[in-house]
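Heads up, the thing below is written out as structure tokens.
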Amino acid sequence: MKKKVEDISKVEEPVAIYGVSNHTPMVAMMGSKYANPSDFDLLKLARKGIAKKSLIALAKQISLTIEEMAGVLHISDRTLQRYTPDTLVKTEYADRAIELALLYERGIEVLGSEKAFSNWVKSPNFALGGEIPFNLLDTRIGFNMVLNILGRIEYGVFS
């Protein structure tokens, strides 16, 4: 039996330390022309709307089902499924999708990989009273709570 050699070129450490990223910028996936868009660029993108196909690509990138994505966006999953791939979703939904993409980018930056953040965001968190961070993403207050915990983790505060 041959022993499997692990690929040591892939290191899963916080990328914030090195200042590099190995993931696709999620906001760029939704139509931003810039890798690091300004708030005005994001505002224009939200007002224009985001194509359903971009929302689905984001959901796949961050391992969400259509139902989970619809819950965060506050849109019925049946409505989202009925849209054609090129249909632009309204500003209010696009705004929440951008907020979700930015949160995931921040989480990946802090925790070092998409896998690490996806596991963290779907696991109960002591600092959130045992709540699962993803379950808080149905409100702006919940988004802020999750972002605050990520900030605490980044600075080594028990979270």
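The values are calculated or read from the model by the stated rules, or taken from the named source; none is laboratory data. The structure displayed is predicted, hence computed values, not measured ones. All Cβ positions, even for glycine, are placed from backbone atoms using ideal geometry, and neighbour counts span all protein chains on display.
Numbers below:
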{"item": "Any hit, segment 69-76, residues being over 13 Å from the mean Cα position of the chain (by Cα), surrounded by 13 or more Cβ atoms within 10 Å (Cβ to Cβ), in contact (Cβ under 8 Å) with a residue 60 or more places away in the chain and under 27 Å from ILE132 (Cα atoms)", "result": "yes"}
{"item": "Of residues in segment 39-53 being under 11 Å from ILE98 (Cα atoms) and among the small types (Gly, Ala, Ser), the one nearest to the chain's Cα centre (by Cα)", "result": "ALA46"}
{"item": "Any hit, segment 81-91, residues being more than 23 Å from PHE117 (Cα to Cα), in a helix (DSSP H, G or I) and touching a Pro at 6+ places or on another chain (Cβ under 6 Å)", "result": "no"}
{"item": "Residue in segment 63-72 that is touching a Ser or Thr at 6+ places or on another chain (Cβ under 7 Å), within 18 Å of VAL146 (Cβ to Cβ) and not in a helix (DSSP H, G or I) present", "result": "yes"}
{"item": "Search result, residues across segment 98-122 that are surrounded by fewer than 18 Cβ atoms within 10 Å (Cβ to Cβ), in a helix (DSSP H, G or I) and over 9 Å from the mean Cα position of the chain (by Cα)", "result": "GLU109, LYS115, ALA116, ASN119"}
{"item": "Selection within segment 10-57 - part of a helix (DSSP H, G or I), hydrophobic (A, V, I, L, M, F, W, C) and at pLDDT 70 or above", "result": "MET26, VAL27, ALA28, MET29, PHE40, LEU42, LEU43, LEU45, ALA46, LEU55, ILE56, ALA57"}
{"item": "Number of positions in segment 123-137 that are part of a helix (DSSP H, G or I) and either in contact (Cβ under 8 Å) with a residue 12 or more places away in the chain or buried (at least 17 other Cβ atoms within 10 Å of the Cβ) (or both)", "result": "6"}
{"item": "Output for segment 138-159, where each listed residue is of a type in the set (D, E, K, R), in a helix (DSSP H, G or I) and surrounded by 12 or more Cβ atoms within 10 Å (Cβ to Cβ)", "result": "ARG152, GLU154"}
{"item": "Selection count, segment 120-138, where residues are at pLDDT 95 or above and either under 17 Å from MET69 (Cα atoms) or touching a strand residue (DSSP E or B) at 6+ places or on another chain (Cβ under 7 Å) (or both)", "result": "8"}
